[in-house]
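Undergrad: Sharing a structure, written as structure tokens. Questions coming.
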Amino acid sequence: MRPNTAAAAETTGRAAGSAHPSSAPDIAHAPKPYDTSTEPPATRPYDDGFGPRVTPRDLNGDGIVDTTAVDLDGDGLADQVLHDLDGDGRVDAVEVSSADDGRYDALRVDTDGDGRLDTTRVDLDGDGWFDGSVVDTDGDGRPDVANLDLDGDGIVETVVVDTDGDGVLDTAGVDTDGDGYADVTLVDPAGDGTWTEVNLDPAGGGHAPGCGATDTF
């Protein structure tokens, strides 16, 4: 399912280190999107366990740090791994272990090279594959759209958007029959995780807004 916005981003792929809905998905239990306004911690020297342990590495020997592992809680496991992929001194991607278990289930990336991490790809079901993405389309540090593959078939069937710009994803379109169009619409106007199905096409024969041709990843 393709949202009618330039924000559609790749959602599937292998996560580092590691049932198709009949009607509405259980969006309330999906992980909260990462705060894209929070930049990764600045690289600091090893501080003897009283703060983040930081391990910078120059992988290609050019004198520039390419990868920095950060152990935020001092348990010996890296909670975040920061990557400078192009050697410009700015972080382009951050691998995140949200459970602090050594498995990286989220990847924050700068997709447009402006120095801001605007897209977070997440492994929703812990199977080691990315099946969702949360995108900040306007650079304000708040999520604007989430593309979800909840049944693991590599096709986005649920698109959740922030319709009023308050930073809370409040409207979801769900393709339940695999035709590439949303035929179920859910709303959460209060932003409290309580989703209600609404009928936006009472006359029938149309499609819920926000979706078009099928995307396959």
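Undergrad: Sum up the charges of everything whose Cβ sits under 12 Å from the Cβ of A78, counting Lys and Arg as +1 and Asp and Glu as -1, but leave A78 out.
TA: Computed value for this residue: -4.
Undergrad: May I ask for the distance between the Cα centers of region 139-183 and region 68-92, given as a whole number of Å?
TA: For region 139-183 versus region 68-92, the Cα centre distance is 29 Å.
Undergrad: Taking amide H atoms as placed 1.01 Å from N in the peptide plane, list the residues 5 or more away in sequence, or in a different chain, whose amide H sits under 5 Å from that of W129.
TA: Excluding prolines and chain starts, which carry no amide H, the hits are A15.
Only the coordinates and a few stated rules stand behind these numbers; no lab work does. This one's a predicted model, so the numbers in the text were calculated from it and none came from an experiment. Glycine also receives a Cβ, built like all others from the backbone with ideal geometry; neighbour counts cover every protein chain displayed.
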